[in-house]
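The values are calculated or read from the model by the stated rules, or taken from the named source; none is laboratory data. Remember, predicted model here, so these are calculated numbers, not experimental data. Every residue, glycine as well, gets a Cβ built from its backbone with ideal geometry; the counts of neighbours run over all protein chains shown.
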2 protein chains.
Amino acid sequence: MERFSNISMAVVRRLPKYYRYLGELLNNDIKRVSSQELSKITGFTASQIRQDLNCFGGFGQQGYGYNAEELHREIGKILGLDRLYRTVIIGAGNLGHAIANYSSFDKSGFKTQAIFDVDPKIIGEKVSNVEVLHLDKLESFIMQNDITIGIICTPKAYAQDAADILVRGGVKGIWNFAPADLKVSDDVIVENVNLIESLFTVSYLIKEREETNSKKR
Amino acid sequence: MERFSNISMAVVRRLPKYYRYLGELLNNDIKRVSSQELSKITGFTASQIRQDLNCFGGFGQQGYGYNAEELHREIGKILGLDRLYRTVIIGAGNLGHAIANYSSFDKSGFKTQAIFDVDPKIIGEKVSNVEVLHLDKLESFIMQNDITIGIICTPKAYAQDAADILVRGGVKGIWNFAPADLKVSDDVIVENVNLIESLFTVSYLIKEREETNSKKR
């Protein structure tokens, strides 16, 4: 398979959207799609779409459009979705529970193997058939169970400690929900889900809309 | 205050990061910051930062840098954070609980007034001092309590119904955690938090890192 280094993160972040929409087309038995049609569904411009997909060698043919199945499969490969990822969740609070119960992750090949916490009251419980273990066991569990991704759902104050253990255990990626800037070695990737930044976008857009409306009046 | 229409969403999405980092600088009693220093903290290039902040009239002075307090306050205003937002959460599952318990939202001026669900077992309970009410009461609650933002934490299948009620009630924005493309009237803004898209970025980056490493060897 080809390598695609130096692709901008802006492009990378659009790929899951293409992947999802193409999956929906396939579910509706639509096998062929033009960049114009993709534009209507995704909201990206057709030229943006062509440019994005060209980054990966391009799968379209002039006058025909894209083969939805092939494009879906290839984008899946590019996203690394052609294999399984064994994951652990750190923090068995509400967010940890929500993540463990989220069936789409499992369906896409992300398999939660255990949840870790320090609260003795919940150690040994099961969440979505996955056992809650004590944090003390995290490092050895990662090593023995070939864990690739650690999902941090702890409060901010415990996030760096959790990350340190995950890195020592040998995970390759951390999906971080704690509002903390984690310091990890260069060979571990970190993807932050910063909810408050998303919420601030809501307030921005509400304010901007109100100003536009009051201008119109 | 000035209007800032036609600002690209890419810029808008960087503003909460500036806001957060500037807040941290202020907490550490740092009052002045250059675009180079901001670049080191945020990971954006200094020229990107200057360009972004110029969109809003620019607050820096050559040779001095930015006044951190002023910049923090102005970005807060641009983000609409100089006022309170009354919110409701739809869906009292794990995710709804997690959002209700997230104290940063409250501190930033987003005040949850009620949580709505249809499960009779939890109606009347309290989550973080906020009552769980029956979904039947949502529309009138929004009207009577001046609710601006609805936060959808339902399963995918119920998300559009929830959105329809929120819109009828008169919210201005919807923060949507359900993996569904909501259809709402043009005057309501929707911000989606698509967790699976974020997770796919993790798998992409892990794969890309592995390919780069195997190239080096």
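For segment A:52-84, the set of residues classified as away from chain B (no Cβ under 14 Å) and at pLDDT 85 or above consists of A:66, A:67, A:68, A:69, A:70, A:71, A:73, listed by residue number. Could you please let me know if residue A:99 is within 22 Å of residue A:181 (Cα to Cα) and within 9 Å of another protein chain (Cβ to nearest Cβ)? Yes, satisfied. Within segment B:7-33, the only residue that satisfies the criterion of being within 9 Å of chain A (Cβ to nearest Cβ) and outside any helix (DSSP H, G or I) is B:7. For segment B:81-99, filtering for residues that are over 14 Å from the mean Cα position of the chain (by Cα), buried (at least 20 other Cβ atoms within 10 Å of the Cβ) and either of a type in the set (Gly, Ala, Ser) or closer than 16 Å to residue A:156 by Cα (or both) leaves 4. Helices (runs of 4 or more DSSP H) fully within segment B:121-217 that include at least 3 residues being modelled with pLDDT of 95 or more and in contact with an Asp or Glu (Cβ under 7 Å, 6 or more places away or on another chain): B:156-169.
Scanning segment A:34-51 for residues that are part of a loop (DSSP other than H, G, I, E, B) and within 14 Å of chain B (Cβ to nearest Cβ) gives A:43, A:44, A:45. The set of residues in segment A:62-71 that are assigned to a strand (DSSP E or B) and either of a type outside the set (S, T, N, Q) or in contact with a Pro (Cβ under 6 Å, 6 or more places away or on another chain) (or both) comprises A:65, A:66. Residue under question is residue B:199, and the condition is that it be at the interface with chain A (Cβ under 9 Å from one of its Cβ atoms) and over 16 Å from the mean Cα position of the chain (by Cα); does it hold? It is true that residue B:199 is at the interface with chain A (Cβ under 9 Å from one of its Cβ atoms) and over 16 Å from the mean Cα position of the chain (by Cα). Entry remark, segment B:72-114: residues being part of a helix (DSSP H, G or I) and among the acidic types (Asp, Glu) number 2 in total.
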